[in-house]
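Enquirer: Following this message is one structure expressed as structure tokens.
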Amino acid sequence: MKNIKIHILMVLFSILIVACNYKENNTNRAQNEITEKSELPEKSSDINSPCELFTMDDVKSIFTVTDLPIEIKDVVYTYPTCIYKWEDGKVNWTKSIAGQEIKGNTPSEVLIVMIKKANEAMFKQSTSIYKQPQVISNLGSKAVWDSRISQLTFLSNTYMFHVHVKASNIDNENKEKAIKVSKLIIEKLRGF
């Protein structure tokens, strides 16, 4: 009787081992399939950086920067970001410290942040911080400018862009340049 119990126990144990191995092999196979799918290359038409849509030549053309060196940064902070800066002396500031007036300037800059798979809810949330929102018509599906931060945010297809332009002390000039940059980006998006 004792031998029968041992044999039954061994058979049950063997079945348990076989069942566990089968489940483990199926899990490994599923994990391998997921890995293979994620390793497939993205479409060549995918855009990974706003620098692909707004280039150094575009900066030179829209901002009429010819002889000045332009610094470029193509980085990913929270989202892919493209930054162009150049020293042309057009962005000046004045501060009063201890009764003295101090003057200086900062580089002109264009900063573009690109968000993929964006929707209207994300657009609304992003622009909710705008204190002086100005709706810009005929630019993507939605567009808003805020003078306080010198930034235009627009939604086009499934992309949202924040276009910060500070290339002048005159708000309307920055706004017009941001609109030009945005229109160019939208035009180039159609090619992808």
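Enquirer: Going residue by residue through the range 120-127, is there one that turns out to be under 25 Å from Ile70 (Cα atoms) and either surrounded by fewer than 16 Cβ atoms within 10 Å (Cβ to Cβ) or touching a Phe, Trp or Tyr at 6+ places or on another chain (Cβ under 7 Å) (or both)?
Expert: No, because not a single residue in the range 120-127 is under 25 Å from Ile70 (Cα atoms) and either surrounded by fewer than 16 Cβ atoms within 10 Å (Cβ to Cβ) or touching a Phe, Trp or Tyr at 6+ places or on another chain (Cβ under 7 Å) (or both).
Enquirer: Now for a different question. Six or more apart or on different chains, Cβ under 8 Å: which pairs go from a residue in the range 156-181 that's among the hydroxyl-bearing types (Ser, Thr, Tyr) to one that's part of a strand (DSSP E or B)? Could you list them?
Expert: Thr158/Lys116; Tyr159/Met114; Tyr159/Ile115; Tyr159/Lys116; Ser168/Lys90; Ser168/Val91; Ser168/Ser108
Enquirer: Is one or more of the residues making up the range 179-189 part of a loop (DSSP other than H, G, I, E, B), among the β-branched types (Val, Ile, Thr) and under 17 Å from the mean Cα position of the chain (by Cα)?
Expert: no
Enquirer: State whether the residues of the range 38-57 include one that is modelled with pLDDT under 90 and closer than 19 Å to Val165 by Cβ.
Expert: The answer is no, given that none of the residues of the range 38-57 is modelled with pLDDT under 90 and closer than 19 Å to Val165 by Cβ.
Enquirer: Sticking with this structure for a sec: Filter the range 105-119 down to the residues that are polar (S, T, N, Q) and part of a strand (DSSP E or B), then identify the one that is surrounded by the most Cβ atoms within 10 Å (Cβ to Cβ).
Expert: The residue in question is Ser108.
Enquirer: Restricting the search to the range 131-161, which residues are within 16 Å of Ala121 (Cβ to Cβ), outside any loop (DSSP other than H, G, I, E, B) and open to solvent by 20 Å² or more (accessible area, probe 1.4 Å)?
Expert: Lys142, Tyr159 - these are the residues of the range 131-161 that are within 16 Å of Ala121 (Cβ to Cβ), outside any loop (DSSP other than H, G, I, E, B) and open to solvent by 20 Å² or more (accessible area, probe 1.4 Å).
Residue by residue, here is whether (1) more than 19 Å from Leu184 (Cβ to Cβ); (2) among the β-branched types (Val, Ile, Thr) holds:
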| site | (1), (2) |
| --- | --- |
| Cys82 | no, no |
| Glu87 | yes, no |
| Lys90 | yes, no |
| Thr94 | yes, yes |
| Asn105 | yes, no |
| Val113 | no, yes |
| Asn119 | yes, no |
| Ser137 | no, no |
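Enquirer: Taking interchain pairs and intrachain pairs at least six residues apart, which have beta carbon atoms under 8 angstrom, with the first residue in the range 111-136 and free of Cβ contacts under 8 Å to residues at least 60 places away in the same chain and the second open to solvent by 90 Å² or more (accessible area, probe 1.4 Å) and of a type in the set (Phe, Trp, Tyr)?
Expert: Every condition considered, the pairs that remain are Ile115/Tyr79.
Enquirer: Quick check on Lys90: is it basic (Lys, Arg), closer than 21 Å to Glu176 by Cβ and open to solvent by 40 Å² or more (accessible area, probe 1.4 Å)?
Expert: Yes; evaluated as a whole, the condition is true for this residue.
Enquirer: Within the range 99-155, how many residues turn out to be on the phi > 0 side of the Ramachandran plot and among the basic types (Lys, Arg)?
Expert: Summing the residues that are on the phi > 0 side of the Ramachandran plot and among the basic types (Lys, Arg) in the range 99-155 gives 1.
The values are calculated or read from the model by the stated rules, or taken from the named source; none is laboratory data. No experiment lies behind these values; they were computed from the predicted model shown. Ideal geometry is used to build each Cβ from the backbone, glycine not excepted, and the neighbour counts take in all protein chains shown. Side chains are part of the model used for accessible areas, which takes the heavy atoms of the whole protein and leaves out ligands, DNA and RNA. Shrake-Rupley method; radii C 1.70, N 1.55, O 1.52, S 1.80 Å.
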